[in-house]
Structure formats: C-alpha cells, structure tokens
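For reference, the structure discussed in these notes is given below.
The values are calculated or read from the model by the stated rules, or taken from the named source; none is laboratory data. Quantities reported herein were computed from a predicted structural model and do not represent experimental measurements. Glycine gets a Cβ as well: all are built from the backbone with ideal geometry, and neighbour counts include every protein chain shown. Areas reflect the complete protein model, heavy atoms only, side chains present, ligands, DNA and RNA absent. Shrake-Rupley method; radii C 1.70, N 1.55, O 1.52, S 1.80 Å.
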Amino acid sequence: MRKRRVVILGATGSIGESARKVARDIPERMEIVGMSAHSNADKLHAAAKEFPNAKLAISSGPDGVERLVELATLPEADLVLIAIVGTGGLRPALAAIEAGKDIAVASKEILVMAGEAVMTAARRKGVKVLPVDSEHNAIFQCLEAAKDEGGRMKDESSGPAAQSASSLIPHPSSFPSVRRLILTASGGPFRQMPAAQLASVTVEQALKHPTWTMGAKITIDSATLFNKGLEMIEARWLFDVEMARVEVIVHPQSIVHSMVEFIDSSVLAQLSTTDMCFPIQYAVTYPERVPNSLPPLDFAKLARLDFEAPRLADFPALTLAREAGETGGTLPAVLNAANEIAVAAFLARRCSFPAIWETVARVMGEHRSIAGAGLDAILSADSWARTRATEVLGV
Ligand code: NDP
Ligand code: MG
C-alpha cells in the first residue's frame, strides 16, 4: 500500500475542499504536503490547521506563478492536483511534469488550451496525467476495467506501442476495441427551458446547478453547456482519441458519470453518488481501490436513470467545441479564453446569458487557427482572444 504525497493547487476551492475531505478519509493513503490559494488566506490557514506539515502558497501576488511552481516541484511531493479555475495552472502543471511528478487534473481549461503540450511532456517524462473531472475519471475507470491483469489492453498486441502505453493512462487509439467515448451531461438548470427564455436568465438562476455544487465559473459553464464542450476537447487529449469518437448524452440524474462503447456494441459505464470525492480518491489511489466513508448507491431509491439528446441548436457551445477540437491548433485556446472572459462578464452582470456563446462564436470566427502550434503560439492566441472578447463585449 502506497501513500501518495500530494500538493493541491487551488486548495480553497470546491475541488480543493473535496480533496482535503478525501485526505481526512484515507490518511493512510494520502498526505497533503502543499496547498495554494489565490487570495483567500484565511481559508488556507484554516485548512493548514488540519494539515500542519503542508507548505503553503498564495498566488495572487506579483510572483504568484513562481510560488505555484515551487509548490508543484516540492521534492517531497509525488502527485500534484491541479484544481485552479481557468488556465492559471498550466505553468505549474508543466513544471510538475518536468520535475517527474504525476499530475491529477481537475482544471480542464489547461487541457483544452494546451492538451497536446501537456500530454507530450508527460509522455516524454513517463509521468501520469490522472483525470479528476468526473466524466474523464469514469472513462478512465472503464478503460482500466477492460485491461487484463498484466496491465495491457486485452486486445493489444505486445510491442513498443503497448509498452509505452502501459506506463500511461489507457489509450483508445492503441486500443482498437473502443468505438466511442460517451460523456454524460446533467443538462444544467436550463435543460428544459424554451429557447426564447434563455435571453433573460439571471446570474442567480444560472448558478443553481441541479445536481453538483461547484465553483461559479464551472457552474455557469454547465448552464451554457460549454463545460461539456470543454470536456469533449479534454477527452480528445487525455485519451488520444479523435473528436468524432467523443459524444455527449444528457443524463439529468448525474449518476452514470460516463461510458465507453466497444466495437461489439457493449458499453461499460461508471456509476456512483454525485460527489467529487470519488474521482479524486481514484486518482490518488490508482491503480488500487480502497474502502472509504462515501455513500454507496441505493438503486431501489434511484428508481430510474434518464437519457436524452442534447439540444444542439439552442445551446451552441457543443457545436463550437466540436469545431474547435476538430480544427485543433490554436482554436481550442481561443474558444476557452473567450469563454472565460464572457463568463466573467456575465457573472459581473455586464452581458446577457446568450452573449456568452455569441462572443465565443464571433471571436472564434475571427481567428485563423495555426496548425501544429507550439506553446508560444497558443499563449499568444489565448491573450489575443481575451482582448478581442473584451472588445466584443464592450466591458
Ligand atoms: P473554485 O472557484 O471553487 O476554486 C478555485 C481555486 O483556484 C481556489 O482555490 C482559488 O483560490 C484558486 N484560484 C482562483 N483563481 C486563481 C488564479 N488565477 N491562479 C491561481 N489560483 C487561482 O473552482 P472549482 O474548485 O469549482 O474548480 C476548479 C477547477 O476544477 C476548474 O477548472 C473546474 O472546471 C474543475 N472542475 C471542478 C469541478 C467541481 O465539482 N467543482 C468538477 C470538475 C472539474 P481562492 O479561494 O483564494 O480564490
Ligand atoms: Mg465534469
């Protein structure tokens, strides 16, 4: 039994809180050795009382990124959980990889923006990128379940590709029996709202997520369905699969966290109660499972699980994300950056709800994607899109 020494970047957020809960629940398997907050020093110091050995960092100062990089490369750490909202976790994530640490990624934005760079660096260093987003963690668990005891995919021939894949998370591309990855979406608070009413929804309505309690940015993303759009691109990079094989189905109960369909049309799904402690724990104890105090599912009480097609015409986020993921290059970074600016404007009551996707669509339309873009080109596209989205919104 291995104890993981974990750094949590974004320890004061919703994911950070769940990660601290997991550490209290399975102390023999998880020790917190570092924690960061952006500006909430009081909450960080309160958290530090429970984990007195953890080194601390505040990232809102002028040298914030350096403080995060120091924490992400602590010699005593072996796993870095990136739970920072937005793209602020990218540099520390790359630094952790360079220092040979495994990373557990909740911050989907960094994989949308720079998924190729992150995954290539991780492969080169032989470190793991463990998905924490519940859908990707579910797919990861389904792919793991399809492995044999020797750690190889059941239908994989031995050889160099299989060897290198086995040190990483499973790869559908080196796993020919996978047909589709099916991401489930709750549908958000406006799943059944007539399209005409979407123009007048308020911040309070959008912040009322039906099944999950999360930070404000991802809650708004869940209402527009950009969250699921970002997750499609996240899946494309995490599992090295083309966008055409990533699909979305609305499942209002959020009990089936995602599914993998195989070429024989069999489907594996991962289910649990709605709590981010499940995927965080699996990322920490992987490849093992350990008992915990989380509530098991009561199927008789659940009674039913519903599924329906997403409303693509009324919620353009999914189509925009598919286009960005298929085009690749700098376009996903542009989609992500314009969305971050528009969500902040909506939360500040400076734009309407539909203005979020209208802004993203317009900024994407003005951008000419650079194929095979390196990190510099991606960072400059990100910064261009932030400026352009701010201009378009007039905020
Ligand atoms: P929260 O807003 O609750 O927390 C964000 C955390 O990041 C806080 O610790 C905050 O510090 C810190 N932070 C904010 N801005 C910066 C910055 N610019 N640089 C460094 N640190 C910063 O977010 P969530 O926990 O909900 O989400 C975190 C990430 O996880 C997001 O990318 C989200 O998409 C993803 N995710 C979240 C899920 C959830 O259930 N919440 C589910 C799946 C994915 P401070 O408190 O000081 O402001
Ligand atoms: Mg998710």
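What number of residues in region 309-335 are out of contact with any Ser or Thr (no Cβ under 6 Å at 6 or more places or on another chain) and either loosely packed, with under 13 Cβ neighbours inside 10 Å or part of a helix (DSSP H, G or I) (or both)?
15
Give the residue, chosen from Ile103, Ile58, Ile110, that is modelled with pLDDT of 95 or more, farther than 30 Å from Ile255 by Cα and either of a type in the set (A, V, I, L, M) or touching a Lys or Arg at 6+ places or on another chain (Cβ under 6 Å) (or both).
Criteria check complete, one pass: Ile58.
Which of the following residues is at pLDDT below 95 and either in contact with an Asp or Glu (Cβ under 9 Å, 6 or more places away or on another chain) or in a helix (DSSP H, G or I) (or both): Ala373, Ala355?
After ruling out the rest, the residue left standing is Ala373.
Could you give me the residue pairs with C-beta distances under 6 Å whose first residue belongs to region 267-292 and is in contact (Cβ under 8 Å) with a residue 24 or more places away in the chain, whose second residue is open to solvent by less than 30 Å² (accessible area, probe 1.4 Å) and among the hydroxyl-bearing types (Ser, Thr, Tyr) wherever it lies, and which are 6+ apart or on separate chains?
Filtered contacts from region 267-292: Thr274/Ser254; Met276/Ser18; Cys277/Ser18; Phe278/Ser272; Pro279/Ser134; Ile280/Ser18.
Looking at (1) within 21 Å of the chain's Cα centre (by Cα); (2) within 24 Å of Tyr286 (Cα to Cα), which is the one condition that is false for Val69?
With respect to (1) within 21 Å of the chain's Cα centre (by Cα); (2) within 24 Å of Tyr286 (Cα to Cα), Val69 is out only on (2).
Suppose we keep only residues that are in contact with a strand residue (DSSP E or B) (Cβ under 8 Å, 6 or more places away or on another chain) and closer than 24 Å to Met1 by Cβ within region 36-69. Which one would you say is farthest from ligand 1 (Cβ to nearest atom)? Break it down stepwise before answering.
Taking region 36-69 and keeping what is in contact with a strand residue (DSSP E or B) (Cβ under 8 Å, 6 or more places away or on another chain), we get 36-39, 41, 43-45, 47-48, 51, 53-59, 64, 67-68.
In the following step, the residues that additionally are closer than 24 Å to Met1 by Cβ were identified as 51, 53-54.
On the way: Phe51: 15, Asn53: 19, Ala54: 14 Å.
Step by step, filter region 36-69, then rank; the result is Asn53.
Has region 339-350 got any residue that is open to solvent by less than 70 Å² (accessible area, probe 1.4 Å) and acidic (Asp, Glu)? Give the derivation first.
So the first thing to find is which residues in region 339-350 are open to solvent by less than 70 Å² (accessible area, probe 1.4 Å), and the list is 339-348.
When the remaining residues are screened for being acidic (Asp, Glu), the result is 340.
Within region 339-350 (the criterion being open to solvent by less than 70 Å² (accessible area, probe 1.4 Å) and acidic (Asp, Glu)), the answer is yes, since at least one residue qualifies.
Being open to solvent by 10 Å² or more (accessible area, probe 1.4 Å) and either within 10 Å of ligand 1 (Cβ to nearest atom) or in contact (Cβ under 8 Å) with a residue 12 or more places away in the chain (or both) is the filter here, so list the residues in region 72-89 that pass it. Full working, then the answer.
Start the filter on region 72-89 by keeping residues that are open to solvent by 10 Å² or more (accessible area, probe 1.4 Å), which leaves 73-76, 78, 83-85, 87-88.
Within region 72-89, Thr73, Leu74, Glu76, Asp78, Ala83, Ile84, Val85, Thr87, Gly88 qualify.
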